[in-house]
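The values are calculated or read from the model by the stated rules, or taken from the named source; none is laboratory data. Values in this document were obtained by computation on a predicted structure and should not be read as measured data. Because the Cβ atoms are built from the backbone with ideal geometry, glycine has one as well, and the counts that use them run over all protein chains shown.
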Number of protein chains: 2
Amino acid sequence: MNAFLDITKALSDETRVRALLSLRGGELCLCQVIEFLGLAPSTVSKHMDLLHRAGLVERRKEGRWQYFRLAGKESSREARGALRWALEALRGERSLKDDERVLSGVRKKGLEEVSACYRAS
Amino acid sequence: MNAFLDITKALSDETRVRALLSLRGGELCLCQVIEFLGLAPSTVSKHMDLLHRAGLVERRKEGRWQYFRLAGKESSREARGALRWALEALRGERSLKDDERVLSGVRKKGLEEVSACYRAS
DNA sequence: GATATACTTCGTTAGTTGACGAAGCAACGG
DNA sequence: CCGTTGCTTCGTCAACTAACGAAGTATATC
């Protein structure tokens, strides 16, 4: 029940769902998610931590960068089931079209450029 | 996205999840859910309304009684998918064993007896 | 080492939520 | 009608949460 509630709570905030879906195209560095969402680093860090603790997202540290990707085979059965459902339920969601556009921009930039942008704000 | 968030928010509260699962054995009157949860009628009414608005539950009014049952074919594709996932994820959940016991007691009682009990509290 | 960079932790603040009880509404029973 | 009963609505309160910025930590780079 607790694992289930951790998952549903993680999925019950729009910002977190957008962050989760931003990983559909593959792994992203935290600074890329920050740029994508346009929120304060501390806020995004906390969101990603929540997604991770729910098991929906895996993290990988490489130097100073924290990379996140969607949960895979290493994650719990419950988290993978939730992820499968969420991705299916939100497939083609119209209200997320803008996000996809912004995201492809973020993905094209190098990490340095993204970081510079986040530094400037 | 809004429909999705309505569903995840509905599922992100333990009490609501317990109420939802209490309908697995078939339709229940609100007063039975009240007795099952042991909460104030106004509180339970609001919880069931939220579940209904998320599409996870259908309601039926018969005289003074409000009956609730799990979403069926009349509900949205999204709600049915969510329900399928939630039921599967929580199948056999150990922490809900007590609930099942209490629930079978509530189901055995007639509606009048349940109401009397709820009146007394 | 010193500086910068990527991220996290902490404290604050505004808005949300779950609980309750009181009062209201609707349907049945006298 | 009039009271009772099942449920809903409303106002209140305590607890939680998302957002921020400031300060802290860890990892490169000079």
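Scanning the stretch A:11-29 turns up at least one residue that is within 12 Å of DNA strand C (Cβ to nearest atom) and either among the hydroxyl-bearing types (S, T, Y) or at pLDDT below 95 (or both). Starting from residues that are part of a helix (DSSP H, G or I) and within 10 Å of the chain's Cα centre (by Cα), keep the ones in the stretch A:1-31 and report whichever is farthest from the other protein chains (Cβ to nearest Cβ). Restricting to residues being part of a helix (DSSP H, G or I) and within 10 Å of the chain's Cα centre (by Cα), the top hit is A:L30.
When the stretch B:73-84 is filtered for residues that are more than 15 Å from B:K9 (Cβ to Cβ) and either facing chain A (nearest Cβ under 10 Å) or over 16 Å from the mean Cα position of the chain (by Cα) (or both), the ones remaining, listed by number, are B:K73, B:E74, B:S76, B:R77, B:G81, B:R84. Annotation note: Cβ proximity below 7 Å between a residue of the stretch B:91-117 that is among the β-branched types (V, I, T) and a residue that is modelled with pLDDT of 65 or more (sequence gap 6+ or interchain) occurs for B:V102/B:F36; B:V106/B:Q32; B:V106/B:E35; B:V106/B:F36; B:V114/B:C31; B:V114/B:Q32; B:V114/B:E35; B:V114/B:V106. Just one residue in the set B:L96, B:L39 is modelled with pLDDT of 95 or more, among the aliphatic types (A, V, I, L, M) and not in a helix (DSSP H, G or I); that residue is B:L39.
Listed here are the residues, each with its yes/no results for (1) aliphatic (A, V, I, L, M); (2) assigned to a strand (DSSP E or B); (3) touching a residue at least 40 places away in the same chain (Cβ under 8 Å).
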{"position": "B:M48", "(1), (2), (3)": "yes, no, no"}
{"position": "B:E58", "(1), (2), (3)": "no, yes, no"}
{"position": "B:K61", "(1), (2), (3)": "no, yes, no"}
{"position": "B:K73", "(1), (2), (3)": "no, no, no"}
{"position": "B:A79", "(1), (2), (3)": "yes, no, yes"}
{"position": "B:R84", "(1), (2), (3)": "no, no, no"}
{"position": "B:L87", "(1), (2), (3)": "yes, no, yes"}
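Residues that are of a type in the set (V, I, T) and surrounded by fewer than 13 Cβ atoms within 10 Å (Cβ to Cβ) within the stretch B:26-65 comprise just one, B:T43.
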